[in-house]
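Remarks on the structure that follows.
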Amino acid sequence: MAQNKEKGLKIFSLGLQHVLAMYAGAILVPLLVGRALNLTTEQLAYLVAIDLLTCGIATLLQAWKNKYLGIGLPVVLGSSFVAVTPMISIGTNYGVTAIYGAIIITGLFMIICAPFFSKITKLFPPVVIGTVVTIIGLSLIPSGIKNMGGGATSEDFGSIENLILSFGVLLFILLLNRFTKGFMQSLSVLMGIIVGTVVAAFLGKVNLSPVKEASWFHFPELFYFGTPSFEIGPILTMLIVGLVIVIESTGVFFALSKITETPLSEKDLTRGYRAEGVAITLGGLFNAFPYNTFAQNVGLVQLSKVKTVNVVVAAGGILVFLGLIPKVAAFATIIPTPILGGATVVMFGMVVASGIRMLSKVDFTNQANLLIIACSISIGLGATAVPTLFDQLPSGLRIIVSDGIITGSIAAILLNLLFRVKTNKQSTSASILPTEEVTETHTL
């Protein structure tokens with residue numbers, strides 16, 4: 001009995017480690033999207049809470065391997081950074097309800113097309129994966145920089161106080177990475193946010209009233225922001241987001257397959273994609289987010305040497321529990337914008353670094369690879385820097401191509417297809433995916 005209790009405590013503590021490792025990334029997406037769409041403090045608290053809850057459910061779905069869904073590997077799911085700018089763009093142009101209509105359609109599409117995705121993984125070689133991940137990071141960095149100054153619309157944007165706080169958080173995270181190792185190092189971003197918020201509180205920049213007013217328990221609401229609307233432009237945009245999520249998650253699946261020495265078949269991949277589709281559909285129904293497999297937790301599996309699914313089941317249970325307590329979610333809403341900026345710049349920069357690391361495995365003597373990378377990144381960054389370039393296009397098409405992540409990803413996929421048809425046996429269509437190179441995406 002005592003032995004079982006000790007084993008259960010160990011599994012719980014290891015599950016908590018997984019939650020702490022992904023917590024910063026999990027709460028940053030709802031905070032970035034919610035603040036950009038000017039949601040109220042109450043709405044923002046709901047968004048964080050439902051995000052944690054759905055992260056937990058999505059993780060449990062992947063762990064529960066059965067005939068129809070679940071990869072059966074120790075994966076943890078979280079809200080995808082890929083969806084940040086598309087969701088903000090859709091919400092700004094079409095309203096919040098259009099975001100969730102598009103997410104629901106995307107989730108259903110992924111459920112239906114899961115068997116097809118498992119057959120076309122060879123269309124996503126390192127040159128495509130690395131380019132897409134690099135574009136994601138580069139496109140997100142400007143929002144992080146704006147937050148460092150206090151937020152683009154802030155009256156005190158770029159003030160000395162804001163800069164000290166944001167760069168102080170950045171420096172603290174870097175020092176933790178320099179002088180700590182292992183699990184403590186993996187928590188550096190979360191620790192930076194916590195310490196930065198405490199310092200900001202002493203400076204009078206933290207309002208604790210949302211925490212005091214938040215209830216202790218709240219059950220998730222179906223269509224919290226209203227009945228979803230279905231617009232063709234947002235739907236097409238989110239479908240492409242779904243495809244990028246498939247590309248990212250495939251890399252993580254193969255990385256975990258190697259770590260756990262568990263071979264993956266097409267049927268395994270199909271179940272994994274289908275579980276993510278179900279998770280994304282739930283995100284749309286309860287007004288949360290599109291979800292993908294978090295790469296930083298792969299690093300934790302490698303670090304802890306614990307490769308059993310029981311640990312991520314515990315993590316999923318903890319996330320569900322936290323998601324039912326609005327008071328916990330309300331703590332995330334009090335984080336000052338400069339603190340958020342200092343942390344996100346590090347995280348988004350690491351996404352870029354991970355993309356570059358993937359690209360280091362690409363054959364740069366092949367002109368096709370150079371053209372795919374050059375054109376995709378140029379188009380992706382161009383669309384981010386000069387979104388007005390596409391103002392004359394129809395609104396449905398404009399919302400797709402004006403987002404740098406989407407535009408660059410489409411370019412990488414299509415260019416790879418172009419050169420595969422022309423030079424089928426060249427290295428553009430080489431190995432299925434890098435494995436080790438995905439383990440640091442979204443984290444330090």
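The values are calculated or read from the model by the stated rules, or taken from the named source; none is laboratory data. All values reported here derive from a predicted model rather than from experimental measurement. Note that we place each Cβ from the backbone using ideal geometry, even for glycine, and neighbour counts take in every protein chain shown. Side chains included, ligands, DNA and RNA excluded: accessible areas come from the protein's heavy atoms. Shrake-Rupley method; radii C 1.70, N 1.55, O 1.52, S 1.80 Å.
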Report summary line: Classified through the alpha carbon gyration tensor (a ≥ b ≥ c as square roots of its eigenvalues; rounded if a/c is under 1.5, else prolate when a/b is larger than b/c, else oblate), region 141-250 comes out prolate
Query raised in the report: Can you pull the Kirkwood radius for region 1-120, inverse mean 1/r over Cα pairs, to one decimal in Å?
Result: 16.6 Å
Report task. Round to a whole angstrom and tell me the spacing of the C-alpha centers of region 361-423 and region 8-30. Result -> 35 Å
Report summary line: In a Gaussian network model of the chain with springs linking alpha carbons closer than 10 Å, the residue among 160, 325, 90 that fluctuates most is 160
Query raised in the report: All other residues with a Cβ under 15 Å from the Cβ of residue 268 taken together, and with Lys, Arg as +1 and Asp, Glu as -1, what is their net charge?
Result: +4
Query raised in the report: Just how far, in whole angstrom, is region 252-266 from region 154-172 if you go by their alpha carbon centroids?
Result: 42 Å
Report summary line: With -39,500 (n - 2.57) per DSSP H segment of 4 or more residues and division by the full residue count of the chain, the 222 nm estimate, nearest 500 deg cm²/dmol, is -23500 deg cm²/dmol
Query - Contact order relative to length of the chain, as percent, for alpha carbon pairs under 8 angstrom and 6 or more apart - result: 35 percent
Query raised in the report: Which percent of the accessible heavy-atom area of region 190-327 goes to carbon and sulfur, probe 1.4 angstrom?
Result: 67 percent
Query - Label-point separation, residue 371 to residue 93 (7 Å along Cα→Cβ), nm - result: 2.9 nm
Query raised in the report: For the chain, with every protein chain kept in place, what is the accessible area per residue (1.4 Å probe, Å²)?
Result: 41 Å²
Requested in this report: Take each of the peptides 149-159, 228-238, average the number of other beta-carbon atoms within 10 Å over its residues, and list them starting from the highest.
Outcome: 228-238, 149-159
Query raised in the report: Does region 158-312 classify as rounded, prolate or oblate by the C-alpha gyration tensor (a ≥ b ≥ c root eigenvalues; a/c under 1.5 gives rounded; else a/b over b/c gives prolate, otherwise oblate)?
Result: oblate
Query raised in the report: With Rg and the Kirkwood Rh both taken from Cα atoms, where does Rg over Rh land for region 104-168?
Result: 1.28
Report task. Pop the C-beta distance of residue 212 and residue 388 into the FRET formula with R0 = 51 Å and round what comes out to the nearest 0.05. Result -> 0.70
Requested in this report: Once you have a ≥ b ≥ c as the square roots of the Cα gyration tensor eigenvalues for the chain, tell me rounded if a/c is under 1.5, and otherwise prolate or oblate according to whether a/b is larger than b/c.
Outcome: rounded
Report summary line: Projected onto the charge dipole of the chain (unit charges on the beta-carbon of Lys, Arg, Asp and Glu, signs +1, +1, -1, -1), the Cα from 223, 14, 185 with the largest positive-side position is that of 14
Requested in this report: List the longest stretch of the chain that has no exposed loop site; here a site is one of the trypsin sites (Lys or Arg not before Pro) assigned by DSSP to anything other than H, G, I, E or B, with at most 15 other Cβ within 10 Å.
Outcome: 182-304
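Among the listed pairs 10/122; 67/258; 10/181, which have their C-alpha atoms separated by more than 32 angstrom in this model?
In this structure, 10/122 exceed 32 Å between Cα atoms.
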